[in-house]
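Data first, discussion second: the structure below is written as structure tokens.
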Amino acid sequence: MFDSLSERLSGIFNSLRGKGRLSEADIDATAREIRMALLEADVALPVVKSFIHNVKERCRGAEVSKALNPGQQVIKIVNEELITILGGEARRLSFAKNPPTVIMLAGLQGAGKTTLAGKLAKWLKDQNHQPMLVAADLQRPNAVQQLQVLGERAGVEVYAPEPGSGVGDPVKVAKESLAHATRHARDIVIIDTAGRLGVDEEMMAQAAAIRDATNPDETLFVIDAMIGQDAVATAEAFRDGVGISGVVLSKLDGDARGGAALSVRQVTGQPIMFASIGEKLEDFDVFYPERMASRILGM
Amino acid sequence: LSRDRLDDDAWEEIEETLLMADVGLESTNRIVERLRERVKVLGTRTAEELRGLLSEELTAALDPSFDRALNATGDGERPAVLLVVGVNGAGKTTTCGKIARVLIADGHSVVLGAADTFRAAAADQLETWGKRVGSTVVRGPEGGDPASVAFDAVKTGTEQGADSVLVDTAGRLQNKTGLMDELGKVKRVIEKQGPVAETLLIIDATTGQNGLEQARVFTEVCQVTGVVLTKLDGTAKGGIVIAVQQTLGVPVKLIGLGEGPDDLAPFDVQQFVDALLDDSRSVGGLKRLAGDRAGGPAPRREHEHGGTARRYRAP
Ligand SMILES: Nc1nc2c(ncn2[C@@H]2O[C@H](COP(=O)(O)OP(=O)(O)OP(=O)(O)O)[C@@H](O)[C@H]2O)c(=O)[nH]1
Ligand SMILES: Nc1nc2c(ncn2[C@@H]2O[C@H](COP(=O)(O)OP(=O)(O)OP(=O)(O)O)[C@@H](O)[C@H]2O)c(=O)[nH]1
Ligand SMILES: [K+]
Ligand SMILES: [Mg+2]
Ligand SMILES: [Mg+2]
């Protein structure tokens, strides 16, 4: 669907292969191609701008002028810069000193939170933890049943004292789930919350209230890999409204280029920890920055 | 605030507005190119005039004369069958509920078909919507054949003399050929009883450039007749639908403005363009607009109260 960045850049560099220092015009032409590639991959415009700025700086430096093949060198730089941003300080889930560890999920409607809750539960159970799922989306029709089905598939208890679909107080459920977990020796509590828009003040306040009532060790922001330019506004809203400790990129089994990964990483400053790669419980993996960089660049 | 001359900044601003709205590079370049020609011909001098021209260009790109009426009620003999398709989590099930709400408010009878037999509690979700809006729901066994549920729903609709049958399908990413084949089969099986009146592709307004690929593949597999652009109550502008309409000739017919039963509105080109160009548009701008147009602000959350479907009227 898209030309890969190397194809795009080869045109520019064919003429100057091995000729040493790039002219400002060459650098501008290169920057234009990189900008195009990133925008087609849905990297948010402000993020593209700061990225290009850094790459241009490096293009002016010695590593390019000394390179035998400046084109390949530029691609190497772009790739490195992407991996640096996407990777950051990779880390594992942090666990509470005194169990239960609380993992709260948050994100836009339909992002993949409930499915992820099931996946995380199964993944943690397979590592000999005793996770418990908490049905704190009491709004979306039958979100509670959805979680119950997933919990059953994962072989994990679902704490669901309220029927949901508009009935019950999610803050209360989340708060009381902790005592329940302690009583039943569950060492990890995964709280599924309703989808919400960043601009929905009432719902963002609810998320903050759930956070305050449960003091999560991890607040994972789940974001759809298909999202476009809105990634920045949304990530900012969740960063400021709920606080994010890690990011999960969902629906990476699709063919979206996933430039949002870059945007969200840049905006939140928090690591992308997991990738959701399908609808089934086992379609889940840790996040690989190198793969993501290649994907964004179409290489 | 207008400048005397159209400098590079003014043009850059135009380009950025479009890119930030997910219009995409190709459509953006095409629109900017046309603008540059018109500016030359018209001798446009101020940034404000330029914005005006941009608004005209966007409006033209979306072609207000396009037929966006929903073919939603039958000919009296058979119900109109609407097939609702799209990627995971876009808003298919919710939109089925909302459309049913509108039709029922207008005195029509509706059958909902739960042809998502795959996702956990998907049929329950549709059933809750059925109760909420007052329509029959036909469902099958979990993990069963979606095509046969769709077939049964149409059959039930015909037997009950319903005006409309809305078939909700499972979310699927367009690069999954197995699932896309399954969708093609759902449609063919429905067609054994007669034609499908509308195939609605649900696109989430937050979607970036992948939206065009979604539209292309879903159109190939099941001849999409209209798009419903959901979640326009957020900050996303949904600009990808411009490319969708221009490349595939498939128009947006309806927009989703929230999670409640009444949060559905007809697509209005001018409103959409205004919102796209309004950088200051904040909380649910389009939702407010839709409310205003109907003579009052829209309530924020309308899950549980039973207002009438005032913003959208079925043809
Ligand atoms: N293909 C694919 N589908 C996914 C993935 N994650 C979730 N889904 C699907 O996306 C849809 C939405 O997922 P949910 O888990 O219900 O999303 P949510 O964020 O809980 O949605 P709300 O509670 O309504 O806000 C469902 O159809 C899921 O099966 C993924 O990684 N890949
Ligand atoms: N804010 C907002 N949320 C919406 C809108 N339409 C749907 N939603 C929400 O988006 C989420 C997903 O909606 P569904 O109707 O379940 O989506 P779906 O396409 O049927 O999902 P799958 O069947 O899992 O593929 C739910 O939380 C809905 O309440 C809308 O127009 N605005
Ligand atoms: K989504
Ligand atoms: Mg959910
Ligand atoms: Mg659904």
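The values are calculated or read from the model by the stated rules, or taken from the named source; none is laboratory data. Since this is a predicted model, take the numbers as computed values, not measurements. Cβ sites come from the backbone with ideal geometry, for glycine too, and all protein chains shown count toward neighbours. Each accessible area value is taken on the protein alone, full model and side chains, heavy atoms only, with ligands, DNA and RNA left out. Shrake-Rupley method; radii C 1.70, N 1.55, O 1.52, S 1.80 Å.
In order along segment A:283-291, the phi-based Karplus estimate (6.51 cos²θ - 1.76 cosθ + 1.60, θ = phi - 60°) of 3J(HN,Hα) comes to 7, 7, 8, 6, 8, 10, x, 5, 4 Hz; Gly and Pro are listed as x. Our summary gives segment A:109-252 a relative contact order of 26 percent, counting only alpha carbon pairs under 8 angstrom and 6 or more residues apart. The GNM of chain A, with springs linking C-alpha atoms under 10 angstrom apart, assigns the highest mean-square fluctuation among A:Val55, A:Val248, A:Val149 to A:Val149. How would you classify segment A:177-299 from its alpha-carbon gyration tensor, with a ≥ b ≥ c the square roots of the eigenvalues: rounded for a/c under 1.5, else prolate if a/b is greater than b/c, otherwise oblate? Oblate shape, in that a/c is at least 1.5 and b/c is the bigger or equal ratio.
Based only on Cα atoms, what mean projected area does the convex hull of segment B:138-277 have, in nm²?
Working: hull surface 37.1 nm².
Its average projected convex-hull area is 9.3 nm².
For helix A:201-214, report the angle its Cα long axis makes with the longest principal axis of the Cα atoms of chain A; keep it between 0 and 90° and round to the nearest 10°. It works out to around 70 degrees.
Per-residue shielding of B:119-131, expressed as the average number of other chain Cβ atoms within 10 Å of the residue Cβ, stands at 5.
Residues whose amide H falls under 5 Å from that of A:Met132, counting only those 5 or more places apart or on a different chain, are A:Ile188, A:Val189, A:Ile190, with hydrogens built in the peptide plane. Highest mobility in the GNM of chain B, judged by mean-square fluctuation with C-alpha springs under 10 Å and restricted to B:Asp262, B:Asp233, B:Asp274, is found for B:Asp274.
So which GluC sites (Glu not before Pro) in segment A:36-100 pass both tests, a DSSP loop state and at most 16 other Cβ atoms within 10 Å of the Cβ? It would help to have the intermediate numbers written out before the result.
Numbers: sites: A:Glu40, A:Glu57, A:Glu63, A:Glu80, A:Glu81, A:Glu89; in loops: A:Glu89.
Hits after loop and neighbour filter: A:Glu89.
Please list B:Glu198, B:Glu16 from largest to smallest accessible area, probe radius 1.4 Å, with all protein chains kept in place.
On the way: B:Glu198 5, B:Glu16 40 Å².
Putting B:Glu198, B:Glu16 in descending order of accessible area: B:Glu16, B:Glu198.
On alpha-carbon atoms, Rg over Rh for the protein assembly as shown using Kirkwood Rh? Intermediate results must be reported in sequence, preceding the final value.
On the way: Rg = 24.8 Å, Rh = 25.3 Å.
That ratio equals 0.98.
Report the extension gain between B:Glu33 and B:Thr46 in nm, rounded to one decimal, defined as 0.36 nm multiplied by the number of residues separating them, less their alpha carbon distance. Write out the running numbers ahead of the final one.
Details: separation 13, 0.36 × 13 = 4.68 nm, distance 1.74 nm.
Here the segment from B:Glu33 to B:Thr46 would lengthen by 2.9 nm.
Calculate the translational D of segment B:181-251 in whole µm² s⁻¹ from Stokes-Einstein, where the hydrodynamic radius comes from the Kirkwood formula applied to all Cα pairs, the temperature is 37 °C and the viscosity 0.692 mPa s.
Numbers: Rh = 12.8 Å.
Estimated diffusion coefficient is 257 µm²/s.
Here the spin labels are modelled as points 7 Å beyond Cα on the Cα-Cβ line, and at A:Leu45 and B:Glu16 they lie 0.7 nm apart. A simple spin-label model places pseudo-atoms 7 Å from Cα toward Cβ; at B:Ala69 and A:Val286 they are separated by 6.0 nm. Centroid-to-centroid, using Cα positions, segment A:218-267 and segment B:235-279 are 23 Å apart.
Can you tell me, using C-alpha contacts under 8 Å and at least 6 residues apart, the relative contact order of chain B as a whole percent?
Values: 610 pairs, mean separation 66.4, N = 315.
With pairs under 8 Å counted, the relative contact order is 21 percent.
If you run the Gaussian network model on chain B, springs between alpha carbon atoms under 10 Å, then out of B:Ala170, B:Ala123, B:Ala61 the most flexible one is B:Ala61. Using the Cβ-Cβ distance between B:Asp279 and A:Ala29 with R0 set to 41 Å, the FRET efficiency from 1/(1 + (r/R0)^6) comes to roughly 0.85.
Of the two radii for chain B, the radius of gyration is 1.01 times the Kirkwood radius, both from the alpha carbons; that is the Rg over Rh value. The mean count of C-beta atoms from other chains within 10 Å of the C-beta of residues in A:162-169, rounded to a whole number, is 2. Please sort by residue number the trypsin sites (Lys or Arg not before Pro) in segment A:190-289 whose DSSP state is loop and whose Cβ has at most 15 other Cβ atoms within 10 Å. Those satisfying the criteria are A:Lys280.
Label sites at B:Asp7 and A:Ala208, each approximated as a point 7 angstrom past Cα along Cα to Cβ, lie 4.0 nm apart. Pair-distance distribution of segment A:61-205: all C-alpha pairs, bin width 10 Å, starting at 0; shares per bin in whole percent are 11, 33, 25, 12, 10, 8, 2. Estimated at the nearest 10 Å², the accessible area of B:Thr177 is 100 Å² with a 1.4 Å probe. Annotation: A:His53 carries an accessible surface of approximately 110 Å², with a 1.4 Å probe and no ligand, DNA or RNA atoms counted. Under 30 Å of direct C-alpha separation, and excluding same-chain neighbours fewer than eight residues apart, A:Lys76 reaches these lysines: A:Lys19, A:Lys49, A:Lys56, A:Lys66, A:Lys251.
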